[in-house]
1. Taking the range 475-491 on its own, how many of its residues are touching a Ser or Thr at 6+ places or on another chain (Cβ under 8 Å) and buried (at least 17 other Cβ atoms within 10 Å of the Cβ)?
2. With the range 355-451 as the region, which helices (runs of 4 or more DSSP H) entirely inside it contain at least 2 residues that are over 21 Å from TRP618 (Cα atoms)?
3. Output the number of residues of the range 414-443 satisfying the condition of being among the aromatic types (Phe, Trp, Tyr) and either open to solvent by 50 Å² or more (accessible area, probe 1.4 Å) or under 22 Å from TRP379 (Cβ atoms) (or both).
4. Restricting the first residue to the range 433-459 and requiring it to be farther than 17 Å from LEU385 by Cα, which pairs with a second residue that is open to solvent by 50 Å² or more (accessible area, probe 1.4 Å) and not in a helix (DSSP H, G or I) meet a Cβ separation below 7 Å and a spacing of at least six or different chains?
5. With the requirement that a residue be without any contact (Cβ under 8 Å) to a residue 60 or more places away in the chain and outside any helix (DSSP H, G or I), what does the range 581-612 give you?
6. Could you list, in sequence order, all residues of the range 325-370 that are among the hydroxyl-bearing types (Ser, Thr, Tyr) and exposed (fewer than 14 other Cβ atoms within 10 Å of the Cβ)?
7. May I ask you to list the residues in the range 194-208 that are touching a strand residue (DSSP E or B) at 6+ places or on another chain (Cβ under 7 Å) and either over 12 Å from ALA141 (Cα atoms) or in a helix (DSSP H, G or I) (or both)?
8. Given the condition open to solvent by 30 Å² or more (accessible area, probe 1.4 Å), assigned to a loop (DSSP other than H, G, I, E, B) and over 20 Å from ASN606 (Cα atoms), answer yes or no: does some residue in the range 525-537 qualify?
Amino acid sequence: MKKTVNKLLIFALAMSLALSGCGGGETQQKKDGSKDENKQSDKSTEKEAKSENEIRDLVISKLSSREMETFNILYAQRQEDSENLTNLVDGLVEADTKGGIVPAIAESWETTDGGVTWTFHLRDGVKWVDVNGNEKAECTAEDFATGLEWVLNFYKNDSYNTSMPNELIKGASEYYEYTKTLSEEEAKALTGEKGSKFREMVGLEVVDEHTLVYTCVAPKPYFYTVAAYNCLYPASQKQIDEIGVDAFKAVDNETMWYNGCYTMTSYIQGNEKVYTKNPMYWDKDCSLFDTVTMKMVESNDVAFQLYQSGEIDSVSLTESNLKTIHDNKDHPYYDYLVEMRPVKYSYQFHLNYDKKKEDGTPDKNWNTAAANEAFRKSWYYGLDLVEYFKRTNTINPLKCENNFYTMKGLTYTSDGRDYTDLVAEKLGLPETNGETPSRLDKEKAKQYKQQAIEELTALGVSFPVEIDHYIKASSQTALDSANVLAQCFADSLGEDYVKLNIKTYISSLTQEVRAPRLHSISMNGWGADYGDPQNYLWQEVYGEDNAIYSIEHSYINDVEETEATKELIEDYKTYTEMVKAADKICDDMDRRYEAYAEAEAFLLDNVLVLPCNYNVSWALSNINEYSKMNAMYGIQNDKMKNWETNKNGYTTEQMNEFAKMQG
């Protein structure tokens, strides 16, 4: 579907930050007290030059494999969706460039009882608009009640994004279960309005149109960070009444209402998106682009060609392109190579414990092998992924090494230690100074491999164990990466032991592969929804229908208990109890983190999942990476707001200077 409107001719706001520090309008004085007019003139010239170099109409690229699947922000759970929708709809809070939470629709918030109740004070003048920027309604506190009711209504939102409110907000899980007892028609007729069943059951009070009070199930000192995720985002009951429940669930760029930075004025699936600055956006002091055009490309090689021809403003470099530039100091782009900050996602190998063959019958050979702890531990200690890391970062590949389930920088102890340092201690990970992968131990890998062969042979498993790994059929980049991964398995573990089969899907990994359970492994990254380890570790618990990875990737809840699977299921149950126990600790955050670190170490030591990588890539860019929002949770990092740009590109030296200024 395509719809195009004229660009909105609105004055662009300044968004430059001087490399030498913040420039002001004051005149400088010499030591003798006279004014240095030349310095003032230089500063004015520098400011004018920067303004001339700013990009007003940004053009960027995205891989075609990252196409959106929904425009309903309450339904979105994939990064591919949220990285777009965060530009179209705002919530209570957003992030700053250092990862701190700052006001958005909520001007301020507080708790007076240790985190049981949280009051958010909403700003005035936030508008809902249509795709053309025409005002539709005020965005008020009532819209946050409507949004939460939608999320918690089983028939409206298919259990998407329920885990956070169900865990945290008083009455949320009870309301969710209540909606499941109703008929679909009855449930869809429910609202979040005053006097509704939702208001009766759920701990959300609308004091007035600018004041919200959430009541938690227990003290939750981190609850304000949950507002960075879309489970607490607003929706207008006026819009739902206007188009209907089913149409609201299936909104597109033409029918949705916007309260964010941009409206999406053109959408051609798999081809191009055009964002246009929202003329009624509440933040009048921010800097936005007049338009942003997002081109969908088959590969980063295609994107590189577009960057070279000046058609796009940034490009992530492939391994080959990066090496070509980096190894030639005379290359015109040599001085413009920039290493990006790690994205907020921690990538893992998720094993499918209930794999099916294409005819729908159980894949007994794989399922039996995957349930064996020695088999999994032979991967943990033996699988060398350095060559795979080079696909992302051939210059500093070990910056991509991941040994944890949670993401570094998510949260810190009272003495400033990163939470993942606690996990490292409990796992006994050695220090390697970035020279070799931390967890590799060839002797242990050899021992566990031999143990696995003996135990699995006795259970009738044949070798090599085949690993079915799925990639998008049209992506040459994915195929190249998969071939490197297959070689890593062969070189590290032996072709006599395991064999990675590269298989393909056409358009939807979820529908074509994960739903029919055809995959052996699922390589996926989790980015936290809020600032606490619970949001990561809960996704792997046993027996809960809102634990994403257990439900949609490993299918552990459906594994039949046999002699071969008994230990695996018991480990999952033990892990689940550890996570639940940690979540009950709310009065001492250090003790809470310690308990979570114990649970995470148990998860990894038993290799219920296998850490894979971080995404630390290199790029050529006309965008200052350090002017972007950079939280390790929430959906705001891709919001194209207050981005600093230079149409001539940023040099390595400039970007390194930005990094130093960031601290």
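The values are calculated or read from the model by the stated rules, or taken from the named source; none is laboratory data. What you see is a predicted model, and the numbers here were worked out from it, not measured in a lab. Quick reminder, even Gly has a Cβ in these numbers, built from the backbone with ideal geometry, and neighbours come from all protein chains shown. Protein only, heavy atoms only, side chains kept; ligands, DNA and RNA dropped before computing areas. Shrake-Rupley method; radii C 1.70, N 1.55, O 1.52, S 1.80 Å.
1. Residues meeting the conditions: 3.
2. Fully inside the range 355-451 and qualifying: 364-370, 373-382, 419-427.
3. 0
4. ILE453/PHE463
5. Answer for the range 581-612, where residues must be without any contact (Cβ under 8 Å) to a residue 60 or more places away in the chain and outside any helix (DSSP H, G or I): ILE585, ASP588.
6. Hit for the range 325-370 is THR361, nothing else.
7. VAL202, GLY203
8. no
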